[in-house]
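Single-structure report; data block below.
Values quoted throughout were computed directly from the atomic coordinates according to the rules given, and no laboratory measurement underlies them. All values reported here derive from a predicted model rather than from experimental measurement. Here Cβ is always computed from backbone atoms with ideal geometry, including for glycine, and neighbour counts include all displayed protein chains.
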Amino acid sequence: MRQLLRPGGVYISTLPGPGIFLSKALAPLLGKRAAFVVVKSKREDLEQLAAWAADGMNVPVDSTFPVRDVAKALARLKKGGMKGRVVITVEDGF
């Protein structure tokens with residue numbers, strides 16, 4: 001995501017991995033910021049994410065799938081080369 005951030009932009013990850021630690025170390029050298037946020041399935045955490053989004057946080061989305069097509073979403077992840085997140089919508093349930 002580094003190439004998608006504007007100067008002063010912030011990348012926030014909810015998935016721990018070696019990449020976030022490398023990004024966090026390199027970000028200041030590139031005029032960017034990286035952060036790791038632990039998110040549990042708690043209402044207040046989700047409300048915080050919603051508030052950030054309402055304040056203009058822009059999350060790049062590669063593709064969106066309904067929950068009934070989760071296999072297609074996983075196939076998209078496996079294919080790679082994404083320019084954003086793969087989103088699964090659960091509005092209408094399973």
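Details
- Efficiency of FRET between K24 and K78 - r from beta-carbon atoms, R0 35 angstrom, step 0.05: 0.85
- For F65, nonlocal amide neighbours, meaning residues 5 or more places apart or on other chains whose placed amide H falls under 5 Å from its own, are V87, I88, T89.
- Theoretical gain in end-to-end length, E47 to R85 [0.36 nm per residue, Cα-Cα removed]: 11.7 nm
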